[in-house]
Amino acid sequence: MLANCRRWRAHAPEYVHTPPVDETTHIEIDGRRWRRSDPAIPEPLRVELVKELMAARRAVAAGKRLDDDAAIATARARVQDARVALGERGPTWWEERTPDDYRVRIDAAIHALLRARADTSTICPSDAARIAASPDWRPHMQLARDVAADLHEAGDVEIRQRGTAVTDPRATSGPIRLALTGRRVRTRRD
């Protein structure tokens, strides 16, 4: 981190070496390395996530202009979710992943997609699985349903089947949809 600081770099000894950027996983902008988004995310879902990321960044700026710490914290949580869902933060998308790595990305994808869509809209857990595990996402559908059930129990999302709220999501079979409840606003990573 210190090596990326521009002021420090200007006075850095010559023996400091920054490793070369792997162009498939990182991009270099103004001498700083940034992780690329996961290229396996389907384009329509990637576009939604990028729109949510930009809206969240605008919300951070608006919170700073108003000097509203609560708004800034909420907006930064939105930025974090969008960037984790895109693969720019959190578990690396180019290395072998564990079920916990998929769980983190699915959780972030659910939150980011629900915020990106209209308040009355719902998402399918398969959208989150496609984001976290494309192109081979089908084996991760049960994990996506489990994450959705955990979020339902935490009060973050409502699980619906045929338009009706489900009381026991773990016992539900068949197609389900997820909606934001609005009861709990996440302001930091749990």
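The values are calculated or read from the model by the stated rules, or taken from the named source; none is laboratory data. All figures in this text were calculated on a predicted structure; none of them were measured in a lab. Cβ: placed from backbone, ideal geometry, glycine included. Neighbour counts: every protein chain shown.
Tell me, which residue of the stretch 134-181 that is at positive phi and exposed (fewer than 11 other Cβ atoms within 10 Å of the Cβ) is modelled with the lowest pLDDT? Among those residues, the one meeting the criterion is GLY163. Every condition in (1) touching a residue at least 24 places away in the same chain (Cβ under 8 Å); (2) within 23 Å of ILE176 (Cα to Cα); (3) part of a helix (DSSP H, G or I) is met by GLN142 except one, and the failing one is (1). Each residue in the stretch 97-127 was checked for being without any contact (Cβ under 8 Å) to a residue 24 or more places away in the chain, within 22 Å of ALA56 (Cα to Cα) and in a helix (DSSP H, G or I), and 1 pass. Any residue that is more than 14 Å from the chain's Cα centre (by Cα) and more than 20 Å from ALA109 (Cα to Cα) - is there at least one of those in the stretch 35-48? No, every residue in the stretch 35-48 fails to be more than 14 Å from the chain's Cα centre (by Cα) and more than 20 Å from ALA109 (Cα to Cα). Does ARG33 qualify as being more than 22 Å from ARG138 (Cα to Cα), exposed (fewer than 13 other Cβ atoms within 10 Å of the Cβ) and not hydroxyl-bearing (Ser, Thr, Tyr)? No, not satisfied.
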